[in-house]
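Notes follow the structure.
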Amino acid sequence: MAFESLTERLQQAMGKLRKKGKVTEADVKEMMREIRLALLEADVNLQVVKEFTKSVRERAVGTEVLESLSPAQQIVKIVNEELTKTLGEETVGITKSPKIPTVIMMVGLQGAGKTTFAGKLANYLKKNENARPLMIAGDVYRPAAIDQLKVLGQQLDVPVFEMGTEVSPVEIVRQGMELAREKKNDYVLIDTAGRLHIDEVLMTELKEIKEIAEPNEILLVVDAMTGQDAVNVADSFNQQLGITGVVITKLDGDTRGGAALSIRQVTGAPIKFTGTGEKLTDLEVFHPDRMASRILG
Ligand code: GDP
């Protein structure tokens, strides 16, 4: 599972203080050194590591810890709170449009899990809100993506609008949006194409789709297993397109966790969901506090 070695290292670093009745500044300094190393080894962005350790250190050498009767416990609490802050502090759900449909556009590199996430989200909205989403198959460069979305649609009993691979994605989205308005779908989920690397053609196309669809959400789907790359990808999509949220997939794998821990701070965009497997139900709403507690073990 994700974060395993990070959890172990953080527990070791903080555990040493448990044996001490009184904690000194030198003890805190030594612990911070270990926490810093643990985060760097987990592939957390350097700037994020610096800010995090600075905040923890400032609080940990203050009276709230050094004069406390249970300093070790106090430190665990501080690390937990600061980790929660790094992860985004609050749970942020989907931003809805005041009038239907709420339009959600999925973007990201190929293989990140966009199409799978579109299916998971449709399932989630149906189950939790009794919603009637329409999915639009806009990934025309990977023909299998259209079939994949259609299969998901059939499984979920959710309509999928597609026009094959010969029509431009912008036109597909335009017609798909018309159909959604006509059928009064409350959500439109747009699956877009990804590439192996970010390129200008991809970005131009996504900008055009954004203009046509006027999405309430542009969710960037990133693969947790790609570590710092995921953070760079997020940064660049955000600058070009202005993302409203991030979905981190494949957290069921043995990722070191750096992407999940860095993305919020680097992009400012909140993590909204995580993918924890290949099945349609393997989706979790992201709660920063719960994730922090999970990382700390
Ligand atoms: P796309 O190219 O971005 O549309 O990516 P796909 O949705 O086709 O996903 C790529 C691969 O990742 C597929 O084999 C999915 O089953 C798999 N996948 C997607 N999300 C997850 C996840 O959360 N966990 C795991 N283990 N696999 C996932």
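Sequentially through the stretch 124-140, phi angles give Karplus couplings (6.51, -1.76, 1.60; θ = phi - 60°) of 4, 5, 5, 5, 8, 10, 6, 6, 10, x, 10, 9, 10, 8, x, 8, 8 Hz, Gly and Pro residues having no value and appearing as x.
Compared with the dominant principal axis of the Cα atoms in the chain, helix 258-267 is inclined by about 70°.
3J(HN,Hα) couplings calculated from phi for the stretch 240-257 with the Karplus curve 6.51 cos²θ - 1.76 cosθ + 1.60 (θ = phi - 60°) are, in sequence order, 7, 10, x, 7, 9, x, 10, 10, 9, 9, 6, 6, 7, x, 9, 5, 6, x Hz; Gly and Pro show x. Here the Debye sum runs over all C-alpha atoms of the stretch 102-286 as equal scatterers in vacuum, and log10 of I(q)/I(0) at q = 0.11, 0.19 Å⁻¹ comes out as -0.42, -1.32. Measuring nothing but how far apart in sequence close Cα pairs (under 8 Å, 6+ apart) lie, relative to its length, the chain scores a relative contact order of 26 percent. For the chain, adding -39500 (n - 2.57) for each run of n ≥ 4 DSSP H residues and dividing by the number of residues yields -17000 deg cm²/dmol at 222 nm. Backbone amide hydrogens, once placed in the peptide plane, bring ARG195 within less than 5 Å of GLN110, excluding anything fewer than 5 places away on its chain. Given the chain, what percent of its DSSP beta bridges are antiparallel, to the nearest 5? The antiparallel proportion sits near 10 percent. Computed over the Cα atoms of the stretch 8-61, what is the ratio Rg over Rh, Rh following Kirkwood? Here the Rg-to-Rh quotient is 0.98.
With all protein chains kept in place, the per residue accessible area of the stretch 112-225 amounts to 45 square angstrom at a probe of 1.4 angstrom.
Near the amide H of PHE161, within less than 5 Å, lie the amide hydrogens of MET135, ILE136, ALA137, all on another chain or at least 5 residues away, with H placed in the peptide plane.
With only Lys, Arg, Asp and Glu charged, each at its Cβ (+1 for the first two, -1 for the last two), find how big the charge dipole of the stretch 146-231 is about the Cα centre; round to the nearest 20 debye. Value, rounded to 20: 220 debye. For the stretch 2-87, the relative contact order is 35 percent, taking Cα pairs closer than 8 Å that sit 6 or more residues apart in sequence and dividing their mean separation by the residue count. Here the stretch 278-297 and the stretch 135-154 have alpha carbon centers that stand 27 Å from each other.
Here the 3J(HN,Hα) profile of the stretch 35-40, calculated from phi with Karplus coefficients 6.51, -1.76 and 1.60 at θ = phi - 60°, is 5, 4, 5, 4, 5, 5 Hz, Gly and Pro shown as x.
Among the listed pairs LYS29/LYS114; LYS210/LYS272; LYS99/LYS127; LYS29/LYS250; LYS77/LYS210; LYS50/LYS127, which have their C-alpha atoms separated by more than 31 angstrom in this model? Beyond 31 Å: LYS29/LYS114; LYS29/LYS250; LYS77/LYS210; LYS50/LYS127.
Compute a Gaussian network model of the chain, connecting alpha carbons closer than 10 Å, and tell me which residue from VAL247, VAL23, VAL44 fluctuates the most. Of the options given, VAL23 has the highest mean-square fluctuation.
Could you check how much of the accessible area of the stretch 1-78 is carbon and sulfur, as a whole percent, using a 1.4 Å probe?
Of the solvent-accessible surface of the stretch 1-78, carbon and sulfur hold 52 percent.
Cα centroid separation, the stretch 166-195 to the stretch 1-42: 49 Å.
Computed about its Cα centre, the charge dipole of the stretch 2-87 is approximately 240 debye, with only Lys, Arg, Asp and Glu carrying charge at their Cβ.
Which trypsin sites (Lys or Arg not before Pro) in the stretch 171-271 sit in a loop by DSSP (not H, G, I, E or B) and have at most 12 other Cβ atoms within 10 Å of their own Cβ? Qualifying residues, ordered by number: LYS184.
Think of each Lys and Arg Cβ as +1 and each Asp and Glu Cβ as -1; about the Cα centre, that makes the dipole of the chain roughly 920 debye. Proximity of backbone amide H atoms, modeled 1.01 Å from N, is registered between ILE271 and VAL246 at under 5 Å, excluding neighbours fewer than 5 places apart on the same chain. For trypsin sites (Lys or Arg not before Pro), the sites in the stretch 1-78 that DSSP calls loop and that have at most 13 other Cβ atoms within 10 Å are LYS19, LYS20, LYS22. Give me the angle, in degrees from 0 to 90, between the Cα long axis of helix 46-60 and the longest principal axis of the Cα atoms of the chain, rounded to the nearest 10. Helix 46-60 and the main axis of the chain meet at about 40 degrees.
The values are calculated or read from the model by the stated rules, or taken from the named source; none is laboratory data. All of these numbers come straight from a predicted model, not from anything done at the bench. Cβ: placed from backbone, ideal geometry, glycine included. Neighbour counts: every protein chain shown. We work out accessible area using only protein heavy atoms, side chains counted, and drop any ligands, DNA or RNA first. Shrake-Rupley method; radii C 1.70, N 1.55, O 1.52, S 1.80 Å.
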